[in-house]
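Contents: one structure, followed by commentary.
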Amino acid sequence: MSLLQVKDVTHSYHSKKTFKWKARSNQVLTDISFSVEEGTCLGLLGTSGAGKSTLGKVILGIQPPQQGQVLFQGYDIYNADKRTQRKIRRDIQVVFQDSYSSVNPRMTAEQIISEPLENYQKLTTGEQRKTVISLLERVGLSEMHLKKYPHEFSGGQLQRINIARAISLKPKLIVLDESVSSLDMVTQSLILELLNELKDDFGLSYIFITHDIKAAFSISDTLGVLEKGKLIELYDSKEQFFSSKHPVVMQMRKSILAEHPRFRSLPTRVNNG
């Protein structure tokens, strides 16, 4: 049984009816189906407006779909009993794009990471502090960062704290919603390297939502492409993606820049790699 199964998910947003205009329905997801196996990462690629973030909310249990199911370890996350839903909320965590808006600016790093521990575990003050220090060290920070506030961290450091919070409960699945897109290239590489290490060390599964093809390739085992709310293709390898004849995928490939600036006017060089 797959860890996560998304079955025929369809969702629309309805605008309110006004005096002159009728209410309209904007369909953002149409018959989305895929699965995620334990210990793997599914990259979901798509441009702005493709439906990526809405799909992420559906998977997280935030936005019930109008049609279809989301099954986690065989349980329908929207129809499970309260006890099972609480367990699912513990086992599915998230790291969002904006590291600063994802935290309370009045909380220290220790308080931010401790929050899920306090909600789900009964630890003594000493045990909790020891756990938080261990988590900080695991994401490349240290005990000296415990009492610092969000404004005292760089974007990359704060995203590490968000990652530490996400792994604190040893979840089975983490949804990474554009979690590196606001970072500079060097910091992106470091965070992606960290995520790969954590995936291997903890046996984590990821859904990596992004518009960045290179970032997706660096972490994903399988790759899906969303376009106008539809999952147009799924790929098991980089080679399949680069050999695809789908016009949307071909356009995506053209958008990739070569590593060296002097080759950036030659997209065919990238298409071969």
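Here is how the numbers come out for the structure above:
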read-out	value
Extended-chain gain in nm, criterion 0.36 nm per residue less alpha-carbon gap, Asp31 and Arg253	77.4 nm
Added length on full extension, which subtracts the Cα-Cα distance from 0.36 nm per residue, Leu123 to Gln66	16.6 nm
Residues with amide H under 5 Å from that of Val225, placed H, sequence gap 5 or more	Leu45, Ile232, Glu233
Sequence-separation-based contact order of the chain, relative, with Cα cut under 8 Å and 6+ spacing, percent	24
Efficiency of FRET between Lys228 and Asp8 - r from beta-carbon atoms, R0 22 angstrom, step 0.05	0.80
The chain: C-alpha gyration tensor shape, a/c 1.5 cut-off, then a/b vs b/c	oblate
Helix-only mean residue ellipticity at 222 nm for the chain, each DSSP H run of n ≥ 4 adding -39500 (n - 2.57), per residue, nearest 500	-11000 deg cm²/dmol
Under 27 Å from Lys130, Cα to Cα: lysines that are on another chain or at least 8 residues apart	Lys87, Lys122, Lys147, Lys148, Lys170, Lys172, Lys199
26 Å Cα-Cα reach of Lys254 towards lysines, excluding residues that sit fewer than 8 places from it in its own chain	Lys52, Lys214, Lys228, Lys230, Lys238, Lys245
Relative packing of 236-247, 28-39, 201-212, which averages over residues the other C-beta atoms within 10 Å, highest first	201-212, 28-39, 236-247
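Any read-out appearing in this document is the output of simple, stated calculations on the displayed coordinates, not a laboratory observation. Keep in mind the model is a prediction, meaning the values are calculated, not measured. So basically every Cβ, Gly included, is an ideal-geometry build from the backbone, and we count neighbours across all protein chains shown.
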